[in-house]
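Notes follow the structure.
Just so it is clear, none of the values below were taken in a lab; they were calculated from the coordinates. Everything numeric in this text was worked out from a predicted model, so none of it was measured. Neighbour counts run over all protein chains shown; Cβ positions are idealised from the backbone, glycine included.
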């Protein structure tokens, strides 16, 4: 259809450039609408697009863009197999840009090819949308929901994952009921009826929306988030109270104030050099020792496979908690007892949101690589691309 007639190299202080001019050799063009061949020309415009670099030189392709008078479709742009309609770059350059965007930030890819940042971002976003959307939700029976920080200023988003396939199904701004409602609308009535379990933290908005759309689905509370709440509401509160009680003993008060992460860390993760400090701290303070031991015991609740045995263990833990005479611990235990059904559901659905914690860590890496995202929709596509799941 076309051939090269002129190659011109330019560039002194700027990036070197190669300009290629193409001329028409074909007598007929294929209609971009119906695909039939047509020789009648309606009009012609001169265009220039970017192509893959030749060595270190930016390559520009000049050509005549024909609009044919198709007898079926009317005036239509002639189909070019190497150029998408209205595109400013060739298909092969666009594909190369998209591949490089999978491992490098947009800013670096734009600098490498000498393209505008917005052009690279638009190419990558369009390719991600074409590859990832719409999401196939057929067969989804168990999901996990969690929130993550979108940016500073208490701005959050919600991610929904299929834990069995480790696939991100949906990402949306916010963490309220109305924010996650679009996911259930996308899931549809049949999909909502198909859900058997939803793994989540104790976010009441998530639970209320799940109950509204999927009343048959079991709510499964995750160990990580329950222990995190215990750390904030019990250990931190008791530690602060004990430090305030010892305000006249500055040395002892400073030891307790600086022991926050030591008390919150899992016992097996305590460094050898810190074990003596932890042992002495627990031996010297009965209240801290009590809440620390009950924190470790609470984790055993998620190891049970039979609801009856799990309930018996919880009853024993609950009695120890309410008899401790430690008010933050008693309050936490009473609130947890109301949510016991969601904890016992873990016996039937032994899933947890450790996968979501891994996704949250990857999200942080994506944000650091890009120095933040201004386009939330593009950011969400990058998250979905990072966790496409596997067949199963």
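Here the label points at residue 104 and residue 156, each 7 Å from Cα along the C-beta direction, are separated by 3.7 nm in the simple model.
Using the beta-carbon distance between residue 309 and residue 275 and R0 = 45 Å, what value does 1/(1 + (r/R0)^6) give for FRET efficiency, to the nearest 0.05?
FRET efficiency, residue 309 to residue 275: 0.90.
Extension gain, residue 132 to residue 261, is 42.4 nm, computed as 0.36 nm per intervening residue step minus the present C-alpha separation.
Taking a ≥ b ≥ c as the square roots of the eigenvalues of the Cα gyration tensor, the range 1-88 is classed as prolate, since a/c reaches at least 1.5 and a/b is larger than b/c. Our helix-only sum for the chain, with -39,500 (n - 2.57) per DSSP H run of n ≥ 4 divided by its residues, gives a mean residue ellipticity at 222 nm of -14000 deg cm²/dmol. Counting beta carbons within 10 Å around each of 101, 34 and listing the fewest first gives the order 34, 101.
Placing a label point 7 Å from the Cα of residue 141 along the Cα-to-Cβ direction, the residues of the range 300-328 with a backbone N closer than 20 Å are 305-307. In the list (i) 19.4; (ii) 16.8; (iii) 28.9, the label attached to mean projected area of the Cα convex hull in nm² as derived from the coordinates here is (iii). The range 254-322 and the range 93-135 have their alpha-carbon centroids 48 Å apart.
Shown for 346, 19: other C-beta atoms within 10 Å of each C-beta, ranked fewest to most, produce the order 19, 346. When you count the other C-beta atoms within 10 angstrom of each residue and take the mean per peptide, 242-254, 121-133 line up highest first as 121-133, 242-254.
Fewest first, what order do 225, 312 take by the number of other Cβ atoms within 10 Å? Let's see the in-between values first.
Values: 225 19, 312 12.
Neighbour counts put them in this order, fewest first: 312, 225.
Straightening the chain between residue 23 and residue 54 buys 9.2 nm, computed as 0.36 nm per residue apart minus the Cα-Cα spacing. For the range 148-190 versus the range 45-73, the spacing of their alpha-carbon centroids is 41 Å. With the simple spin-label model, which puts each label point 7 Å out from Cα in the Cβ direction, the residue 216 to residue 45 separation comes to 5.5 nm. Highest mean packing comes first when the peptides 23-29, 47-53, 278-284 are listed by Cβ atoms within 10 Å, giving 47-53, 278-284, 23-29. Beta bridges assigned by DSSP with both partners in the chain are antiparallel in approximately 75 percent of cases.
Peptides 361-369, 288-296, ordered by how many other C-beta atoms sit within 10 Å of their residues on average, highest first, read 288-296, 361-369.
A Förster radius of 51 Å combined with the Cβ-Cβ distance from residue 190 to residue 248 puts the calculated FRET efficiency at roughly 0.15.
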